[in-house]
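**Q** Can you keep this structure in mind? I'll have questions shortly.
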Amino acid sequence: MLEIIFPGNTNSLGTAFGGHILSLMDKAAAFAAGRYSLTPVVTASIDKIDFRVPIKNGDALELIACVVSVGNTSMRVRVDVFKENRATREQVLCTTGHMVMISIGNDGKPCTVKHPT
């Protein structure tokens, strides 16, 4: 998932709000889990997230999400957030986190994750 940080998503120091980055990470995790399970998903939990490198106004971001483990109704998704220098394409890992996503059936309740074959 690609994104650019705009002024409305930054604080008075010109760096991205942590909540905005978490929202992007949650969205990327939902895309990955939903594509894996072929079902709608909801977020059950978010592990500790450390913001290691500031993300500034105008930075281009690449979020990479991957299902790393699967339970009965849940999927653990790793999300890495990289900022990219648009002139050199050099990427720096800023944040990594894990989200647990729950597969939801047509009845609105958790359902078994069936990986597509």
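The values are calculated or read from the model by the stated rules, or taken from the named source; none is laboratory data. Given the structure is predicted, the values throughout are model-derived calculations rather than measurements. Cβ atoms come from the backbone with ideal geometry, glycine included; neighbour counts cover every protein chain shown.
**Q** Quick one: how many residues across region 79-110 are assigned to a strand (DSSP E or B), modelled with pLDDT under 95 and basic (Lys, Arg)?
**A** 0
**Q** Looking at region 10-41, which of its residues are part of a strand (DSSP E or B) and either of a type in the set (Gly, Ala, Ser) or under 26 Å from Pro110 (Cβ atoms) (or both)?
**A** Quick first cut of region 10-41, residues part of a strand (DSSP E or B) only: 10, 15-16, 41.
Scanning region 10-41 gives Ala16, Val41.
**Q** Just to be sure before I move on: is Ile55 of a type in the set (A, V, I, L, M), under 24 Å from Phe6 (Cβ atoms) and under 13 Å from the mean Cα position of the chain (by Cα) in the structure I sent?
**A** no
**Q** Among (1) part of a helix (DSSP H, G or I); (2) out of contact with any Leu (no Cβ under 9 Å at 6 or more places or on another chain); (3) buried (at least 19 other Cβ atoms within 10 Å of the Cβ), which single condition is Val113 missing?
**A** It is condition (1) that Val113 fails.
**Q** Filter region 68-77 down to the residues that are in a strand (DSSP E or B), surrounded by 16 or more Cβ atoms within 10 Å (Cβ to Cβ) and among the β-branched types (Val, Ile, Thr) and list them by number.
**A** Applying the first criterion (in a strand (DSSP E or B)) to region 68-77 yields 68-70, 74-77.
Pick out the ones that are also surrounded by 16 or more Cβ atoms within 10 Å (Cβ to Cβ) and you get 70, 74-77.
Passing the criteria: Val70, Val77.
**Q** Restricting attention to region 78-110, which residues are over 22 Å from Ala60 (Cβ atoms) and surrounded by 14 or more Cβ atoms within 10 Å (Cβ to Cβ)? Break it down stepwise before answering.
**A** Initial filter on region 78-110 (over 22 Å from Ala60 (Cβ atoms)): 98-110.
Listed by number, the residues that qualify are His98, Met99, Val100, Met101, Ile102, Ser103, Ile104, Pro110.
**Q** If Ala29 satisfies all but one of (1) without any contact (Cβ under 8 Å) to a residue 60 or more places away in the chain; (2) closer than 23 Å to Lys114 by Cβ; (3) of a type outside the set (Lys, Arg), what's the number of the condition it fails?
**A** (1)
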